[in-house]
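One structure below.
The values are calculated or read from the model by the stated rules, or taken from the named source; none is laboratory data. Please read these numbers as outputs of a predicted model, since none were measured by experiment. With ideal geometry, Cβ positions are generated from the backbone for all residues, glycine too; neighbour counts draw on all protein chains shown. SASA here: full protein model, heavy atoms, side chains in, ligands and nucleic acids out. Shrake-Rupley method; radii C 1.70, N 1.55, O 1.52, S 1.80 Å.
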Amino acid sequence: MQLDHQTLESEQAQRVRRARRTAAAVGIVALVVFVVSIVQMFWLQHHPQAHAQAVKEALMQ
Amino acid sequence: MAHAATHDEHHDEHHEHLNFFQRWVMSTNHKDIGTLYLVFSLLMFFIGGSFAMVIRAELFKPGLQLVQPYFFNEMTTMHALVMIFGAVMPAFVGLGNWMIPLMVGAPDMALPRMNNLSFWILPFAFALLLSTLFLPGGGPAGGWTMYPPLSLQSASTAYVVFAVHLMGISSIMGAINIIATILNMRAPGMDLLKMPVFVWSWLITAFLLIAVMPVLAGAVTMLLTDKYFNTHFFDAAGGGDPVLFQHVFWFFGHPEVYIMILPAFGIISEIIPTFARKPIFGYKAMVFAIASIAFLSFIVWAHHMFAVGLPLGAEIFFMYATMLIAVPTGVKVFNWVATMWGGSMTFETPMLFAVAFVILFTIGGFSGLMLALVPADFQYHDTYFVVAHFHYVLVTGAIFAIIAATYYWIPKWTGHMYSEFWGKMHFWNSVVWVNVLFFPQHFLGLAGMPRRIPDYNVAFANFNMISSIGGFLFGASQLIFVGVLIHCVWFSKKKATDRVWEGAKGLEWTVPSPAPHHTFSIAPVVHDEELAHGHVED
Ligand code: HEM
Ligand SMILES: [Cu+2]
């Protein structure tokens, strides 16, 4: 017979286990934000026309 | 980790035997780590404060008197970095560490070992940052905003970038821990909409941290690669654009200023109900206002860049978006006033600082609104008016809230009452001198005195002298604070009761004073009428 370990877990232990899962998820979000912030600058560098257009618009006034 | 969180009684018997190293360096206890953060923050407050004294001494009179211009620039840069990342943020994390588990009925933070790591990274980060002042070539001097190309001209770029990375990692881990604790570790019955406003404010702040600290890390990483690895992100000669850095920086920077004020809002929302002996007015509106401010803080960043030349549509968008923030901010101010209205108020030191916060922070909010007007900002930008604005929101805002929180909770931490007389001395001196220090800076800015300069036109002499005198006396007043703290921790004979303040409500006041090393090993029963904000209808 398979034991259901989760029902044997104390409530406090259950909370801690869930908390670690939340923490991992949030940590991954942070990592993704870091990578995206650099990648978008790379993208701009490799699309000089998009960048030039934005600069032109900014200086049009 | 499950072990640490569930076997408290076992630990309690043993913690008496921990030696100094085990208790403080190896600590996984939220209260001890909270204390470490707070002590570290106080130390940084005085180091950052000493830099401010150098700045005000040099500006006491026009002309160059005391320091070399480069050193002056190092002081303005370091003052900001140390105060923001070393004093204000760690103070809030320390308060969160101490109080969040007590307020939601959790035995500890969700990830106690990561908690230890988040703290112990900080002394290394700041040792690294401060060491640059002693390097040949000197420390960073291009302002805390680190705009290239100026910031890349200093010899210390790599040190500063690494220090910022460390602080960022520490903050991100702290934020992860706070989110995991609040979302998962609450006692049964402590629903999200029953949490104290301070806990709510920290939950929202933690999400802001997760969203923007990695962006700062990205920005400084690109500075580093531009300087040492031949990239040209921000280098016009190589096809890059220095203005892009400003966009990335302020995408972090504006939410960052709210990271430094939202927990303060939470603190004030705890203190005012206690001393007005009334539940907070409009609990849900308060929570919703914090969330709206947090959301809006992501779409206003370019109000720091009105003068760089943005498309007209962008100037107008960012102007209106910025002015929108005044709406939820106004809701908060009105609700604090409404909480006091008709209350039976007493004015112990925490309440004095909280009331001063409401008034003086609002002055900072108004000058912010003036700065949000594009044509006006063309005039005010990079003048002392901006300096006056952000010191009203940060010193009489964030710092006053941190001081208020310390007076409010220190009886719970130490089991002793502080000296009310000296607390009030600290308050009155602070509140008078801080205004002498910063109010004249509005006039200087309106008259055109630029920020970040060691010398100025003689026309600005009088207000600068007044400001410097206010600065020295405000600095000296903070020594009273240290005296009060030392007295309270080691010498005070007056025992604190468990509830401490007559009007105090919430779980943190149900544990003994001083709070035992381990609390809520068994989840407490939450009685709705015992919560600080009273009964909240669904
Ligand atoms: C009513 C809300 C607010 C508005 C409308 C507002 C608006 C502004 C604007 C437009 C600027 C740019 C001025 C310039 O450089 O020309 C500015 C600067 C600044 N604000 Fe605010 N602000 C508000 C609240 C706050 C709060 C709550 C904080 C922090 C607790 C804060 C901290 C700062 C800082 C640090 C700067 C200067 C950054 C720098 O250039 O070094 N502000 N604010
Ligand atoms: Cu801003």
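Given the Cα atoms of the range A:5-59, and with Rh set as the inverse mean 1/r over their pairs in the Kirkwood sense, what is Rg to Rh to two decimals? Walk me through the numbers before you get to the answer.
Values: Rg = 21.8 Å, Rh = 14.8 Å.
Ratio value, two decimals: 1.47.
Counting, for every residue in B:234-247, the Cβ atoms of other protein chains within 10 Å of its Cβ and taking the mean gives 2.
Ignoring ligands, DNA and RNA, what accessible area per residue does the range A:5-59 give at 1.4 Å, in Å²?
Working: 3670 Å² over 55 residues.
Value returned for the range A:5-59: 67 Å² of accessible area per residue.
Within the range A:5-59, what whole-number % of the accessible surface is contributed by carbon and sulfur, with the 1.4 Å probe and all protein chains included in the calculation? Kindly include the intermediate steps, with their values, before the conclusion.
Details: 2470 of 3670 Å².
Ligands and nucleic acids excluded, carbon and sulfur reach 67 percent.
Of the two radii for chain B, the radius of gyration is 0.96 times the Kirkwood radius, both from the alpha carbons; that is the Rg over Rh value. Close amide H contacts of B:ILE453 (hydrogens built in the peptide plane, cut-off under 5 Å, sequence separation of 5 or more or a different chain): none are found.
Inter-chain neighbour count for B:263-272: the average number of beta-carbon atoms from partner chains within 10 Å of each residue's beta-carbon is 0.
Taking square-rooted eigenvalues a ≥ b ≥ c of the alpha carbon gyration tensor, is the range B:130-172 rounded, prolate or oblate, where a/c under 1.5 means rounded and, failing that, a/b exceeding b/c means prolate? Write down the numbers at each step before the final one.
Values: a/c = 2.50, a/b = 1.40, b/c = 1.79.
Note, shape of the range B:130-172 comes out oblate.
With the simple spin-label model, which puts each label point 7 Å out from Cα in the Cβ direction, the B:LEU192 to B:ALA237 separation comes to 5.2 nm.
Straight-distance candidates among the lysines for linking to B:LYS284, with alpha-carbon spacing under 22 Å and chain neighbours fewer than 8 residues away dropped: B:LYS194, B:LYS332, B:LYS505.
Relative protection proxy for B:53-61, B:481-489, from highest mean packing down: B:53-61, B:481-489 (other beta-carbon atoms within 10 angstrom). Where only DSSP H runs of four or more residues are counted, chain B gives -21000 deg cm²/dmol as its mean residue ellipticity at 222 nm, each run worth -39500 (n - 2.57).
Relative to the 2.2 N^0.38 Å rule of thumb, the protein assembly as shown has a C-alpha radius of gyration ratio of 0.97.
Relative to the compact-globule estimate of 2.2 N^0.38 Å, the Cα radius of gyration of the range B:373-527 comes out at 1.42.
Among the chymotrypsin sites (Phe, Trp or Tyr not before Pro) in the range A:6-61, none sits in a DSSP loop with a Cβ that has at most 12 other Cβ atoms within 10 Å.
Annotation: amide H-H contacts under 5 Å for B:LEU18 (H modelled 1.01 Å from N, sequence separation of 5 or more, or interchain): none.
Peptide packing: for B:137-150, B:395-408, the average count of neighbouring Cβ atoms within 10 Å per residue gives the ranking B:395-408, B:137-150, highest mean first. Here the Karplus curve 6.51 cos²θ - 1.76 cosθ + 1.60, taken at θ = phi - 60°, turns the phi angles of the range B:165-176 into couplings of 4, 4, 4, x, 4, 4, 5, 5, 5, x, 5, 4 Hz, with x standing for Gly and Pro.
Amide H to amide H distances under 5 Å link B:HIS416 with B:ALA496, where only residues 5 or more positions off or on other chains count and H is placed in the peptide plane. Here the Karplus curve 6.51 cos²θ - 1.76 cosθ + 1.60, taken at θ = phi - 60°, turns the phi angles of the range B:253-267 into couplings of x, 5, x, 4, 5, 6, 4, 8, 10, 4, x, 5, 4, x, 4 Hz, with x standing for Gly and Pro. Of all lysines in the structure, the ones whose alpha carbon falls short of 20 Å from that of B:LYS493, not counting any fewer than 8 places away in one chain, are B:LYS412, B:LYS424. Extending 7 Å from Cα along the Cβ direction at B:MET370 and again at B:PHE317 yields two label points whose distance is 2.9 nm.
Could you give the distance between the Cα centres of the range B:387-416 and the range B:232-289, to the whole Å? The two parts, judged by their Cα centres, are 17 Å apart. The residue list B:MET323, B:SER467, B:GLY143 was ranked by how far each Cα lies along the charge dipole of chain B toward its positive end, using unit charges on Cβ atoms, and B:SER467 comes out on top.
Order B:323-331, B:357-365, B:308-316 from most to least packed using the mean count of other Cβ atoms within 10 Å. Spell out each step's value before the answer.
Numbers: B:323-331: 17.1, B:357-365: 20.3, B:308-316: 14.7.
Highest-to-lowest ranking by the protection proxy: B:357-365, B:323-331, B:308-316.
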